[in-house]
Amino acid sequence: MSHLLDDPLPEGMFTPAEEAIIVYARTSTWFQPITDEIWDDLRAHFTEKQCMEISFTVGLDQLVSRFHATVQTDVDSVTTDQLTGSCPVALPPPPGAPPS
């Protein structure tokens, strides 16, 4: 997880197919256009059906993430402990905590 936001991705850390998914998902999540190059790279590794499944999975994850962000769902302590220090994305402060 610690290198998913690296741009470019570290060489050799992910397979070319994994890189294609990461770039696609990251681009979509940041509301940037999916270019022909990104789509062609995804299609080079996956069938059209698999690309649609990847698109649906990424979109579903975005929907769930946005729901949790909107209603400010509490993150349980087990998950927080596992993510602390290993997640490149800053976690929101717990409810009632002073802003950082």
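The values are calculated or read from the model by the stated rules, or taken from the named source; none is laboratory data. Bear in mind the structure is a predicted one, so any value in this text is a computation, not a measurement. With ideal geometry, Cβ positions are generated from the backbone for all residues, glycine too; neighbour counts draw on all protein chains shown.
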Might you let me know whether segment 33-53 holds any residue that is basic (Lys, Arg) and either at pLDDT below 95 or within 15 Å of the chain's Cα centre (by Cα) (or both)?
-> no
Being farther than 21 Å from Ala69 by Cβ and surrounded by fewer than 17 Cβ atoms within 10 Å (Cβ to Cβ) is the filter here, so list the residues in segment 28-45 that pass it.
-> Pro33, Ile34, Thr35, Asp36, Glu37, Trp39, Asp40, Arg43, Ala44, His45
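Whether any residue in segment 76-84 is modelled with pLDDT under 75 and either farther than 18 Å from Arg26 by Cα or part of a loop (DSSP other than H, G, I, E, B) (or both) is what I want to check.
We begin by selecting, within segment 76-84, every residue modelled with pLDDT under 75; these are 83-84.
Retained after the next criterion (residues that are either farther than 18 Å from Arg26 by Cα or part of a loop (DSSP other than H, G, I, E, B) (or both)): 83-84.
Taking every residue of segment 76-84 in turn, at least one turns out to be modelled with pLDDT under 75 and either farther than 18 Å from Arg26 by Cα or part of a loop (DSSP other than H, G, I, E, B) (or both).
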Of the candidates Ala25, Ala20, Ala69, the one satisfying the condition of being of a type in the set (Gly, Ala, Ser), under 23 Å from Gly85 (Cα atoms) and either in contact with a Leu (Cβ under 6 Å, 6 or more places away or on another chain) or surrounded by fewer than 12 Cβ atoms within 10 Å (Cβ to Cβ) (or both) is Ala69
